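The structure appears right after this line, and notes come after that.
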Amino acid sequence: MTSMTRILLAASALALTSAMPALAKTFVYCSEASPEGFDPAPYTAGSTFDASAHPVYNRLVEFKKGTTEIEPGLAESWEVSADGLEYTFKLRQGVKWHSNEKFTATRDFNADDVIFSFMRQASADHPWNQYIAGITYEYYNAMEMPSLISEIVKVDDYTVTFKLSRPEAPFLANIAMPFASITSAEYASVLEAAGTKEDLNNMPIGTGPFTFVAYQKDAVIRYAKNADYWGTAPLIDELVFAITPDAAVRLQKLKAGECHLMPFPAPADLEAIKADPNLKVEEQAGLNVGYLAYNTTMPPFDNANVRKALNMAMNKEAIIEAVFQGAGQVAKNPIPPTMWSYNDAIVDDAYDPEAAKAMLEAEGVTDLSMKVWAMPVQRPYMPNARRTAELIQEDFAKVGVTVEIVSYEWGEYLDKSMEAGRDGAVILGWTGDNGDPDNFLSVLLSCASAQPGGANRAFWCNEEFSALVSEAKQTDDVAERTRLYEEAQVIFKDQAPWATLDHSTQYVPMSTKVSGFVMSPLGDFTFATVDIAE
Amino acid sequence: MIRFILGKLLYLVPTFIGITIIAFGFVRILPGDPVLLMAGERGITPERHAELSALLGFDRPIWVQYFDFLGRLFQGDLGNSLVTKKPVMTEFLTLFPATVELGLVAILLATLIGVPVGVLAAIKRGSVFDQVSMTAALVGFSMPIFWWGLLLIIFFSGMLGWTPVSGRIGLLYYFPDVTGFMLIDSLLSGQKGAFASALWHLILPSIVLATIPLAVIARQTRSAMLEVMGEDYVRTARAKGMSQTRVVGVHALRNAMIPVITTIGLQIGVLMAGAILTETIFSWPGIGKWMIDSISRRDYPVVQSGLLLIAGLVMLVNLLVDLTYGLINPRIRHK
C-alpha cells in the first residue's frame with residue numbers, strides 16, 4: 001500500500017465516522033430546497049412547510065397521518081351549528097410551548113394564541129400583519145378566508161368560535177393546512193418588547209413534535225425532539241435537514257449513508273434504487289392531475305364532440321410510458337383516484353384514431369391547425385411537458401390535425417394561458433392542498449374560476465356542473481357531497497373541457513434502517529413517527 | 001504610486017454606475033413577473049395582483065424604481081428579498097464566506113499546480129510531458145462542470161467512499177458561525193476532528209471549481225514562458241554561464257508572470273460563474289446557488305443587489321491586479 005493510499009484511507013475512515021452521528025439517535029433528511037422562512041403563514045412552498053409547519057407547529061385540526069381525513073389537533077373536539085355558520089372548538093389543555101434562548105413560556109397554549117394566529121393574517125391593521133415589511137398571506141387569501149371568516153370569538157380560555165359568512169364544507173380541511181398553524185401570542189409580545197419581531201420567522205416557537213434548534217442558510221436545519229409533546233413523542237432525538245437541491249447528489253448521499261431518506265428521486269434512477277439492497281422505496285399515488293385544457297370558448301373547441309374526438313386521438317398510455325417511465329397512471333377524471341368521491345364508474349374515452357377522425361369529419365372539422373402549450377418547468381404531475389406535447393403532436397397528426405408547440409417563461413405562461421381568447425390548448429396540472437374534492441373541481445373547473453384571476457384554463461362554464469359543486473360545498477353530509485361530486489364528474493367527462501392526462505406516482509427512497517415513515521397523500525414529509533435501527 | 005492608484009479608482013466610478021443600470025435592468029428585461037410566480041398554478045385576481053404590485057413598489061414608473069434603488073444604495077440599504085423577506089445584505093454576508101473559502105482554495109490549487117506545470121511544459125517544449133499536460137489542460141478547459149462534479153462524486157464518494165458527497169462539514173459537528181469560514185470556525189470550535197472534516201468536504205468541490213482556471217493558467221504560463229525564454233536577456237544570462245534554475249527562476253519567470261497574473265485576476269469572474277454550478281452540485285451554501293434561485297424566482301432585490309455586490313468584488317480584484325503590475329513592473333506605474 002502506498003503512503004498516499006494509506007493517507008486517503010485513514011482520512012476517508014475519519015470522514016465516514018463523521019458522516020453519521022453516533023451518540024443521539026439522529027435522523028437525516030436530504031431535503032430538496034431551502035425553506036423560505038419558518039413562519040408557515042406567508043409562504044406557499046411544500047419545502048417550507050416540511051421545515052416549519054410539520055415539525056414545529058400544530059393546527060386546530062390535523063390531517064390523520066397518511067390520509068386526508070381530519071382528526072383533532074390543538075382542538076380536542078368541535079361542534080358545527082345547524083346552519084353551518086358557526087364552528088366552536090374545544091381546545092386541548094396542558095399543551096406546552098417550545099422555548100429558546102429568548103423565550104420561555106409562562107402559560108400553556110390557549111384561545112389567545114388561536115385568535116392571534118388568525119387575526120394577524122386577517123386584519124391589515126393587526127400589529128403583526130406587517131411584522132416584516134411587504135409580507136403577504138397568500139394561502140389565507142387563496143383559500144378565501146377573508147370573505148369566509150366574519151368573526152373569531154373567544155368564549156373562554158379553552159373555547160373558540162369561528163363565525164362564517166356562508167356554509168363551507170371544506171372549512172375544516174382548510175384550517176388543517178400549514179398556513180393555519182398556531183403560533184404563540186406570548187412569544188410575539190416578548191419579541192415585540194425586544195424589538196426583534198422578525199425572529200418569529202427566524203426562530204419559530206410552536207407546540208409540534210420537534211423544537212427548532214438552528215438553521216444554517218442553504219445548508220442544514222437542526223431540530224430536537226420535543227420531550228413535552230402533547231401527542232406521541234418522536235422516537236428520534238434529533239432531526240436534521242441536509243439541503244441538497246440536486247436529485248442525483250441526493251441519491252449519492254443516501255447511498256453513502258449521509259442521509260436516511262430523500263424526496264423526489266429522478267425517475268431514471270428508480271430501477272437502480274430498487275435494486276440496491278441497502279435501500280427501499282415506498283410509493284403512493286400523488287394527489288394530483290395533469291391535463292390538457294382546450295379553450296372551450298373558441299371554435300371549433302367550443303364543440304364538445306370535437307374535444308372528445310381529440311381526446312380519443314390521444315394515446316395516453318404512451319405518454320405515461322415515455323414521460324413518466326411508468327411512474328404514473330392514466331387519468332380519466334379531474335380528481336385523483338385516492339380522493340374520496342372519485343367516480344370509478346366513469347369509462348375513459350378509448351384511444352381510437354379511426355373513430356376520432358370520423359368524428360371530426362362528422363363535425364365538419366378538416367385541416368385543423370392548433371397550438372399546444374408546453375409548460376417550461378417540471379412538476380410532479382408533469383415531468384416533461386415538451387415531450388408530452390410532442391407525443392400529442394404525433395397522435396393528432398394521425399387524425400389530420402396539425403399541432404404547433406409553444407412555450408413561454410413560467411410566470412408568463414401562467415398569465416397568458418388565462419387570457420381571454422387564448423389560442424390553443426394548454427398543458428398544466430394541479431396538486432391538491434387539502435384533500436377536498438372542492439379544491440380541484442371548484443378551483444379548476446367552476447364558472448367563477450373561469451374569470452380573470454381564476455385557474456379554469458378551459459374557460460369552461462357549465463351551469464349544471466358549477467351548481468353541483470357549489471351545492472356540495474354547502475353541506476356537511478359526506479355521503480351527499482360524494483353523490484354530488486360523482487354527478488359532476490359525469491358532466492365533466494361528457495363535456496370534456498380537458499383531456500385528463502395523468503396522475504403521477506410519488507416515490508420516497510430511504511435506507512432499510514428506517515421504519516415508521518408514513519407517506520402523505522398531500523406530499524408532506526413528516527418525521528414524528530420515524531425510527532432508525534442501530 | 002498614489003497618483004497611479006487614484007487614476008485607477010477614478011475609472012471605477014462610471015463603471016460602477018454602469019453596473020447599477022445593468023444589474024437593475026437585467027432581471028427586469030427577463031420575461032416573468034414575481035407576483036405571478038408567487039401565485040403559481042392557482043392564478044391571481046387582477047385586484048390582488050395590483051394590490052401586491054403596489055405593496056412591493058412595482059407599480060411605479062421604472063425610472064422611479066431605479067432612482068429609489070440608487071438612493072437606498074447610497075444609504076447602504078440593498079432592500080429585502082421578496083422570497084425570504086430578509087435584508088439582501090444579511091443574506092449576502094451569511095453566504096459569501098462559503099463562496100470565498102471555496103474560491104480561494106480553488107484558485108490556490110489552480111495556481112500552485114498550473115504555474116509549475118506551465119513552466120515545466122515550456123522548458124521541456126515538445127516533450128511527452130508538454131504534450132500530455134497541454135492536452136489535459138485542453139480537456140480541463142472544455143470540461144462541463146456539472147457532469148465533471150457528478151462524475152467525481154460517483155467515483156470518489158459513491159464507489160470508493162473516500163470523500164463525503166456534499167456539504168461543508170460532517171453533520172456531527174455543530175458550532176455557531178464566527179467568521180463564516182468553515183476551516184477557521186472548525187479550528188476555533190475546538191471540536192476534535194472538525195477541521196479534518198471541513199477540509200475533507202472541500203476537496204471535491206475545489207477540484208471541480210479549479211479545473212477550468214487550472215487549465216487556463218497552465219496554458220498561459222507555458223506560452224508566456226516560451227516568449228520570454230526567446231528574449232535576448234535570457235540568452236545573455238545563459239551565455240554568462242548561469243544555471244538553468246537561475247535563468248528560469250530569476251530572469252524568465254518574473255517577466256513571464258505579468259500576463260499570468262492578469263489571467264489569474266480574470267479567473268475571478270470565471271470562478272464566480274463556476275461557483276454557481278459547483279455550489280449547486282455540492283450543496284455548498286454560497287452566493288452562486290443563491291443567485292440562481294433568485295433569478296428563477298424573479299427576486300428582483302436579491303438579483304440586482306447581488307449582481308452589484310459580485311460585480312463590485314470582481315472590480316476590486318481587478319484593481320488589486322492592476323496595482324500588483326505596478327509593483328512587479330515599474331514601467332507600468334510610471335507610464
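Every read-out reported here was derived from the displayed coordinates using simple, explicitly stated rules and does not represent laboratory data. These numbers come from a predicted model, not from an experiment. Here the Cβ is made from the backbone with ideal geometry for all residues, glycine too, and neighbour counts use every protein chain on show.
For region A:113-155 and region B:257-301, compute the distance between their C-alpha centroids and round to whole Å.
Centre-to-centre (Cα) distance: 40 Å.
Which of A:25/A:225; A:197/B:85; A:25/A:513; A:64/A:102; A:253/A:280 have a Cα-Cα distance over 21 Å?
A:64/A:102
Rounding to the nearest 10 and keeping the result within 0 to 90°, find how far the Cα-based axis of helix B:287-296 lies from the longest principal axis of chain B.
Tilt relative to chain B: about 40 degrees.
Can you work out the base-10 log of I(q)/I(0) for region A:355-408 at q = 0.13, 0.22, 0.23, 0.26 1/Å, using the Debye formula on its C-alpha atoms alone?
-0.38, -0.79, -0.83, -0.94
With only Lys, Arg, Asp and Glu charged, each at its Cβ (+1 for the first two, -1 for the last two), find how big the charge dipole of chain B is about the Cα centre; round to the nearest 20 debye.
So the dipole magnitude of chain B works out to roughly 1300 debye.
List the residues, sorted by chain then number, that are 5 or more residues from residue A:91 or on another chain and whose placed amide H is less than 5 Å from its amide H.
Close amide H contacts, sequence-distant or interchain: A:76, A:159, A:160.
Please compute the length gained on full extension between residue B:316 and residue B:67, using 0.36 nm multiplied by the number of residues separating them and subtracting their Cα-Cα distance.
Contour length minus the Cα-Cα distance gives 87.2 nm.
Quick check for me: using +1 on Lys/Arg Cβ and -1 on Asp/Glu Cβ, what's the dipole size of chain A about its Cα centre, in debye to the nearest 20?
Dipole magnitude for chain A comes out near 1440 debye.
Between region A:451-470 and region B:122-179, what's the alpha-carbon centroid distance in Å?
Spelled out, the Cα-based centre of one part sits 55 Å from the other.
Could you tell me which of B:173, A:247, A:351 has its Cα farthest along the dipole of the protein assembly as shown towards the positive end, charges placed at Cβ (Lys, Arg +1; Asp, Glu -1), taken about the Cα centre?
B:173
For region A:91-99, what does the Karplus curve 6.51 cos²θ - 1.76 cosθ + 1.60, with θ = phi - 60°, yield as ³J(HN,Hα) per residue in whole Hz, taken in order and with x for Gly and Pro?
My calculation for region A:91-99 gives 8, 6, 9, x, 7, 8, 7, 5, 9 Hz in order.
Pick from B:114, B:167, B:306: which residue has the top mean-square fluctuation in a GNM of chain B where Cα pairs under 10 Å get a spring?
Of B:114, B:167, B:306, the most mobile in the Gaussian network model is B:167.
Given a cut-off of under 8 Å on Cα pairs at least six residues apart, what relative contact order in percent is computed for region A:284-375?
Worked out over region A:284-375, it gives 36 percent.
Note the angle between two axes, namely the Cα long axis of helix B:194-229 and the longest principal axis of the Cα atoms of chain B, as a number of degrees from 0 to 90, rounded to the nearest 10.
Tilt of helix B:194-229: around 50 degrees.
What lysines sit close enough to residue A:154 to cross-link, taking a C-alpha to C-alpha distance under 16 Å and skipping anything fewer than 8 places away on the same chain?
A:90, A:163
Among the DSSP beta bridges whose two residues both lie in the protein assembly as shown, what percent are antiparallel, rounded to the nearest 5?
Beta bridges within the protein assembly as shown, antiparallel portion: roughly 80 percent.
Shape verdict for region A:217-273, please, from the Cα gyration tensor: rounded (a/c under 1.5), prolate (a/b greater than b/c) or oblate.
In terms of gyration-tensor shape, prolate.
Would you mind getting me the FRET efficiency between residue A:85 and residue B:15? Use the beta-carbon distance for r and R0 = 45 Å, nearest 0.05.
0.10
Using alpha carbons only, how many angstrom separate the centre of region B:29-86 from the centre of region B:220-246?
60
Nothing charged except the Cβ atoms of Lys and Arg (+1) and of Asp and Glu (-1): what's the magnitude of the dipole of region A:385-462 about its Cα centre? Round to the nearest 20 debye.
The dipole magnitude comes to about 160 debye.
Which length gain, in nm to one decimal place, applies between residue A:163 and residue A:464 when the Cα-Cα distance is subtracted from 0.36 nm times their residue separation?
Length difference between fully extended and current span is 105.4 nm.
Quick one: which residues, 5+ away or cross-chain, put their amide H under 5 Å from the amide H of residue A:213? H built at 1.01 Å from N.
Here the answer is A:222, A:223, A:224, since their amide H atoms fall under 5 Å of that of residue A:213.
Given an 8 Å cut-off on Cα distances and at least 6 residues of separation, report the relative contact order of chain A as a percent.
Across chain A, relative contact order equals 19 percent.
Residue B:124 to residue B:93: FRET efficiency via 1/(1 + (r/R0)^6), r the Cβ-Cβ distance, R0 60 Å, to the nearest 0.05?
Rounded to the nearest 0.05, the efficiency is 0.80.
Mind checking which lysines have their Cα closer than 21 Å to the Cα of residue A:371? Skip sequence neighbours fewer than 8 apart in that chain.
A:308, A:316, A:357, A:398, A:416
Under a no-solvent Debye model with one identical scatterer per Cα of the protein assembly as shown, what's log10 I(q)/I(0) at q = 0.05, 0.09, 0.10, 0.11 Å⁻¹?
Each listed q corresponds, in turn, to -0.34, -1.02, -1.21, -1.40.
Between residue B:331 and residue B:104, what is the spin-label point distance in nm, taking each point 7 Å from the Cα along the Cα→C-beta axis?
3.4
Kindly write out, for region A:510-527 in residue order, the coupling ³J(HN,Hα) from the Karplus curve 6.51 cos²θ - 1.76 cosθ + 1.60 (θ = phi - 60°), rounded to whole Hz, with x marking Gly and Pro.
8, 5, 5, 6, 7, 9, x, 7, 10, 6, 9, x, 7, x, 7, 10, 10, 10
If you average the sequence gap of Cα pairs under 8 Å that are 6 or more apart and divide by the length of region B:253-335, what percent do you get for the contact order?
Relative contact order for region B:253-335 comes out at 27 percent.
By average Cβ neighbour count within 10 Å, what is the ranking of A:234-242, B:58-66 from highest down?
A:234-242, B:58-66
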